1. It is to be established whether one or more residues within the stretch 62-73 are under 18 Å from residue 126 (Cβ atoms), at pLDDT 95 or above and either out of contact with any helix residue (DSSP H, G or I) (no Cβ under 8 Å at 6 or more places or on another chain) or part of a loop (DSSP other than H, G, I, E, B) (or both).
2. Tell me, please, whether a residue that is assigned to a loop (DSSP other than H, G, I, E, B) and in contact with a helix residue (DSSP H, G or I) (Cβ under 9 Å, 6 or more places away or on another chain) can be found in the stretch 305-323.
3. Return the residues of the stretch 193-234 that are in a loop (DSSP other than H, G, I, E, B) and surrounded by 15 or more Cβ atoms within 10 Å (Cβ to Cβ); say none if nothing qualifies.
4. Looking at 151, 163, which is the one that is under 25 Å from residue 222 (Cα atoms), touching a residue at least 12 places away in the same chain (Cβ under 8 Å) and touching a helix residue (DSSP H, G or I) at 6+ places or on another chain (Cβ under 9 Å)?
5. Residue check: is residue 237 in a loop (DSSP other than H, G, I, E, B) and either more than 19 Å from the chain's Cα centre (by Cα) or surrounded by fewer than 24 Cβ atoms within 10 Å (Cβ to Cβ) (or both)?
6. Which condition number in (1) within 25 Å of residue 106 (Cβ to Cβ); (2) touching a residue at least 12 places away in the same chain (Cβ under 8 Å) is the one that residue 241 fails?
7. Regarding the stretch 247-254, can at least one residue be identified that is out of contact with any strand residue (DSSP E or B) (no Cβ under 7 Å at 6 or more places or on another chain) and either surrounded by fewer than 24 Cβ atoms within 10 Å (Cβ to Cβ) or part of a loop (DSSP other than H, G, I, E, B) (or both)?
8. Take residue 93 and decide whether it is surrounded by 18 or more Cβ atoms within 10 Å (Cβ to Cβ) and within 19 Å of residue 32 (Cα to Cα).
């Protein structure tokens with residue numbers, strides 16, 4: 001129990017969190033008016049040593065939503081959001097070897113690069129892993145054990161964990177084991193983490209020190225020969241060898257992540273609870289705007305994001321959380337780069 005003298009400050013923090021924290025950090029939209037979902041992004045150090053956001057890949061529907069015949073287009077651009085002369089701006093600094101969306105990703109230990117593992121394009125799921133520099137350079141790392149897209153990744157600073165995903169575009173079953181890459185010695189390749197179980201597509205993943213969280217996601221099954229989503233509610237929290245499991249009151253799938261450590265918790269943004277699936281996506285009432293903090297296996301809504309969101313990378317820039325693009329409603333991407341400032345006690 002907290003000391004009586006601590007209660008007012010705790011109440012103040014909770015009040016601030018539940019009200020949400022406006023951000024004074026104004027960041028420009030992505031340089032694509034159609035928006036981009038499924039990008040990889042990380043906070044890195046630019047050449048001058050200041051923080052910047054490195055983003056790559058993604059996809060959108062430039063010709064209209066899929067239910068009106070619009071085709072999904074995938075991209076390979078590498079972009080850097082940095083500040084010059086007091087103003088933030090995007091610039092293209094390179095290209096990936098091939099178009100990628102829905103990959104797992106994390107910053108490198110020295111924060112000068114970003115690792116991108118797997119992902120997909122309009123034809124195939126990939127297994128390749130790339131080290132993408134803040135200077136636009138691209139170097140190949142050991143490939144995943146097999147093709148994997150719609151997975152989630154998170155780093156503890158020295159290792160990258162990849163959980164869930166599917167192995168091919170037409171998969172009607174998707175439960176893949178967790179794998180891990182030692183970022184300090186990547187040439188050793190990926191190893192399985194059987195202690196973390198198997199997960200479906202678009203789970204939540206976060207790491208903070210010795211703690212690892214994996215939650216929700218969708219498993220796939222065949223229905224009339226096509227993949228059908230089964231929204232999951234499982235939560236696994238590992239701290240060292242200590243294992244805790246629980247269930248969510250409702251699924252949280254494809255939330256912006258990976259989870260950002262703050263205030264002893266892991267924070268995610270948005271998500272899809274599957275309440276509308278599989279009804280027509282054009283009639284969807286809207287995706288979630290919740291800002292969710294996991295304390296172990298227990299989630300709590302601590303605020304509201306500026307807009308509804310799924311399939312977006314979530315990064316921390318100073319004391320501000322930032323999402324880059326994403327999907328604000330089914331079949332529609334956003335170009336918004338949205339922000340929310342952490343309460344002072346959580347910084």
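1. Checked against the condition, which is being under 18 Å from residue 126 (Cβ atoms), at pLDDT 95 or above and either out of contact with any helix residue (DSSP H, G or I) (no Cβ under 8 Å at 6 or more places or on another chain) or part of a loop (DSSP other than H, G, I, E, B) (or both), the stretch 62-73 yields at least one hit.
2. yes
3. Those that are in a loop (DSSP other than H, G, I, E, B) and surrounded by 15 or more Cβ atoms within 10 Å (Cβ to Cβ): 193, 197, 200, 202, 203, 216, 217, 232, 233.
4. Result of the check over 151, 163: 163.
5. No: the conditions fail for residue 237.
6. (2)
7. Looking through the stretch 247-254, at least one residue is out of contact with any strand residue (DSSP E or B) (no Cβ under 7 Å at 6 or more places or on another chain) and either surrounded by fewer than 24 Cβ atoms within 10 Å (Cβ to Cβ) or part of a loop (DSSP other than H, G, I, E, B) (or both).
8. yes
The values are calculated or read from the model by the stated rules, or taken from the named source; none is laboratory data. Since we're looking at a predicted model, the values are computed, not measured. Cβ atoms come from the backbone with ideal geometry, glycine included; neighbour counts cover every protein chain shown.
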